[in-house]
Every structure is written in structure tokens, then in C-alpha cells.
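What follows is calculated from the coordinates using simple rules that are stated; it is not laboratory data. Nothing here was measured: the structure is a model prediction, and the numbers come from that model. Quick reminder, even Gly has a Cβ in these numbers, built from the backbone with ideal geometry, and neighbours come from all protein chains shown.
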Amino acid sequence: MNDAAPRKQPDTAARPASALPSEGTGEVRDGRDNNRSANRIRGSKATLSSVASLAGVSKQTVSNVLNSPHLVRSDTAERVKAATADIEVGLLIYNAGAEGRLANFVERDPADATNMIARNITVPTILAHHFGSQMKARGRGGIILVGAVGGYAGGPGMAMYSASKAFDYILAEGLWYEMRPHGVNVLGLVLGATDTPALARIGMKTDTPGFVAANADTVAQEGLDHLAVGPIWHTGGTEQTAQYLRAMPRAEAVTMIAEASKAMMKG
């Protein structure tokens, strides 16, 4: 019997900012866990990261941006904009979009769908426009919008999630082309299964043969390493799977997503 304490899973959203070199950068993060002090930002279950290009190292928590891991406040975008009004945000990483549970669309509360739209479509659109316009005016900056391979086909049990993640990577592609003449890098960072608390919350295994979840630290570093490449980077070697999904007949693609999800479920 193994009595070792279970390994704490890193949150992908908490990694990109902490993966950056500390000199000359700062962090502005959603402070979802109000029981932790602002000095422990790196350990918080943050889901929104904006890295400010400041002269020195500073950290700032934007408290109560999310009501829970899955519920967006009506003023989320405005609170982030207000908290960054007096600083130069040089890199926006938007990663607040995990699925909270698997359930068929018509069996959910309609609020689940509208909240997913707010979290994965409305808020990133507002923030990308707000910070992107500032970056364009300065002639420098970067935006990473985190998507998912599941956005390449409708996912049974997570239809709204799949649809909203499709929006994120398509938006990133368009912004990449529009912003690159102005010195602003935009990347759609498309994740496959990643070993995070979000994956555990919906009851998925991380070691399913053929669907082994990627390490969150590695995924975050890949995003930073490929920011200047754009418009899309598939993490954890998932590009071949993504291309298959995009090219195959749609019924086959949806079936592939459904079977992969089923294979990864515990129990």
C-alpha cells in the first residue's frame, strides 16, 4: 500500500506567468482563492494571467474575478481593465475556460451555456480588444488565447465547451494576421488533455493508453516558446490528432472525440 501523499496537480493557468523570467516583468492575476494571501499568487488556482512589462518585479491579484472555478462575474472584464489601468500590460494570457462537468446539453441548466459563452467568448474578446489596442499603439506585446483540441469537433457531454474553444482558436488566427505588422505576437495555444485539477474535477484519468495527459509545466513553457511563431501551436505533440480531426468527415470526428472522452473516464 502506498501511503505517499497524492501529488498536487499544477494548474496550467497558473504556469505561464511563473514560467517567464522574473526580471523586467510583473503579474496581474485573478485571485480566485480568497483564503490565500496575495503573496502566494504563484500557488493560487488562477485562471486569468496578464503579465505587465514593468521596470521591476511586481505582483497584483485581482480578487473575485470569478465567482467560482466556472462562474464568471458580470463585471469580470471591467474589473481586470480597472486593475491594470495604470500599468503597461505587455502579455495577456487568457486561460479561464475549463469544463466543470460532463452532461448533455439539454440536461443542463441554460445558465451553464451562457456562462461558458461569457467565460470563453465574451470576456476574452473584450480583454483581447482592450489590451490588443494598447499593444498595437505601442508597437509591441503579445496575446495567448488558450484553446483545446476538443474545439475541432463537437464533444458529446461538452458541446458548449467545444463550441467556445473553436471560437478561441479562430479568433487567435485572425488576430495573428491583423497584429503582426504592428509588432504584436498572437498565439492560439491549443491544448490536448493536460494533467490539471480541471481534468480531475470531471473524473478523467491522466494515464489512459493513447491519451496520456501532458504535463502542465511543459505545456505552459511550449506556449511561451512559440508565442512569436503563431498563429497556432498544438501542445504535447497533438498536432497530428488535430489535423486528423479537422480533415476527417464530421461524423467520424465527433465519434473520435466521444470515444476518447469515454476511454479517459474513471470508473
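General observations
- Residues THR125 and ASN104, FRET efficiency given R0 of 25 Å [Cβ-Cβ distance, rounded to 0.05]: 0.40
- Residue-wise HN-Hα couplings along region 127-143, as the Karplus relation 6.51 cos²θ - 1.76 cosθ + 1.60 with θ = phi - 60° gives them from phi, are 6, 5, 5, 5, 6, x, 5, 5, 4, 4, 5, 7, x, 6, x, x, 9 Hz; Gly and Pro carry x.
- Pairwise centroid distance, computed over Cα atoms, of region 136-169 with region 227-267, Å: 13 Å
- Pairwise FRET efficiency - ALA258 versus TYR177, Cβ, R0 = 35 Å, nearest 0.05: 0.60
- Each of ILE257, ILE144, ILE232, ILE126 was scored by other Cβ atoms within 10 Å of its Cβ. Listed from fewest to most, they are ILE126, ILE232, ILE257, ILE144.
- For LEU171, LEU127, order by how many other beta-carbon atoms lie within 10 Å, fewest first: LEU171, LEU127
- Inter-site label distance for ARG140 and SER74 at 7 Å from Cα along Cβ, in nm: 4.0 nm
- Residues of region 118-148 with an amide N closer than 19 Å to a point placed 7 Å from the Cα of ALA85 along the Cα-to-Cβ direction: 126-135.
- Amide H contacts under 5 Å for ILE143: LEU92, ASN185, VAL186, LEU187, restricted to partners 5 or more places along the chain or on a different chain, H placed in the peptide plane at 1.01 Å from N.
- Around the amide H of ALA148, modelled in the peptide plane, lie the amide H atoms of LEU191, all under 5 Å away and 5 or more residues distant in sequence or on another chain.
- Projected label distance in nm at ALA111 and GLU239, using a 7 Å step from Cα toward the beta-carbon: 4.3 nm
- Scanning residues 5 or more positions from ARG73 or on other chains, those with amide H under 5 Å from its amide H are ASN67, with H placed 1.01 Å from N in the peptide plane.
- Applied to region 100-106, the Karplus parametrisation 6.51 cos²θ - 1.76 cosθ + 1.60 on θ = phi - 60° returns per-residue 3J(HN,Hα) values of x, 6, 9, 7, 5, 3, 6 Hz, with x for Gly and Pro.
- Panel order for LYS165, LYS262, by other beta carbons found within 10 Å of each beta carbon, from fewest to most: LYS262, LYS165.
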